[in-house]
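Presented below is the structure to which this report refers.
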């Protein structure tokens, strides 16, 4: 089965969808989602598409895409294929950003508006990767 291609252009877009795009316009590009859900206690719906989720701000403008099944995707960041192992992806983003903050579950970068999560500390692969609008993590780090 062919993998889904995910192409992130830092702070600009993911798969050609510009950050800030209204939900209805995202639907015109991707089609209506298979389903949606509310993350935690938030009132804003998150759309589910195959191997990724699309998140919106309170005005339903696109602010983040999270690849939740990385093994089903070929992922590119600024035109470069992202490594498939956790150590590889960590090295990849550390070579680009000097503010990587790791915890037992992965890492985030405020400068890159990128986050990576893995279920357990002893696994080689990571489970999710997200690409967000500029300053998405402001106040978190």
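The values are calculated or read from the model by the stated rules, or taken from the named source; none is laboratory data. Please read all numbers here as calculations on a predicted model, not as lab measurements. Reconstructed Cβ throughout: ideal geometry from the backbone, glycine too, with neighbour counts over all protein chains shown.
Residues that are farther than 20 Å from residue 16 by Cβ and either touching a helix residue (DSSP H, G or I) at 6+ places or on another chain (Cβ under 7 Å) or surrounded by 15 or more Cβ atoms within 10 Å (Cβ to Cβ) (or both) occur in the range 133-141; there is at least one.
Out of the range 109-120, which residues are in contact with a helix residue (DSSP H, G or I) (Cβ under 9 Å, 6 or more places away or on another chain) and outside any strand (DSSP E or B)? Full working, then the answer.
Narrowing the range 109-120 to residues in contact with a helix residue (DSSP H, G or I) (Cβ under 9 Å, 6 or more places away or on another chain): 109, 112, 114, 116, 118.
If the condition is that a residue be in contact with a helix residue (DSSP H, G or I) (Cβ under 9 Å, 6 or more places away or on another chain) and outside any strand (DSSP E or B), then 112, 118 are the ones that fit.
Let's see how each residue does on (1) within 28 Å of residue 25 (Cα to Cα); (2) in contact with a strand residue (DSSP E or B) (Cβ under 8 Å, 6 or more places away or on another chain); (3) at pLDDT 95 or above:
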{"residue": "63", "(1), (2), (3)": "yes, yes, yes"}
{"residue": "66", "(1), (2), (3)": "yes, yes, yes"}
{"residue": "71", "(1), (2), (3)": "yes, yes, no"}
{"residue": "124", "(1), (2), (3)": "no, yes, no"}
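Does the range 49-65 hold any residues that are buried (at least 18 other Cβ atoms within 10 Å of the Cβ) and out of contact with any helix residue (DSSP H, G or I) (no Cβ under 7 Å at 6 or more places or on another chain), and which are they? Within the range 49-65, 52, 53, 55, 63, 64, 65 qualify.
Tell me which residues, restricted to the range 31-50, are closer than 17 Å to residue 75 by Cβ and modelled with pLDDT under 95. Show your work before the answer.
Taking the range 31-50 first, the residues closer than 17 Å to residue 75 by Cβ are 49-50.
Correct list: 50 only.
If you filter the range 1-48 down to residues that are free of Cβ contacts under 8 Å to residues at least 24 places away in the same chain and under 15 Å from residue 133 (Cα atoms), you find that the one that is surrounded by the fewest Cβ atoms within 10 Å (Cβ to Cβ) is 16. Scanning the range 25-67 for residues that are in a strand (DSSP E or B) and either within 13 Å of the chain's Cα centre (by Cα) or within 24 Å of residue 112 (Cα to Cα) (or both) yields a count of 16. Checking each residue in the range 68-96 for being closer than 19 Å to residue 5 by Cβ and in a loop (DSSP other than H, G, I, E, B) picks out 68, 69, 78, 79, 82, 83, 84.
Considering (1) in contact (Cβ under 8 Å) with a residue 60 or more places away in the chain; (2) out of contact with any strand residue (DSSP E or B) (no Cβ under 9 Å at 6 or more places or on another chain), the lone condition that residue 120 does not fulfil carries the number (1).
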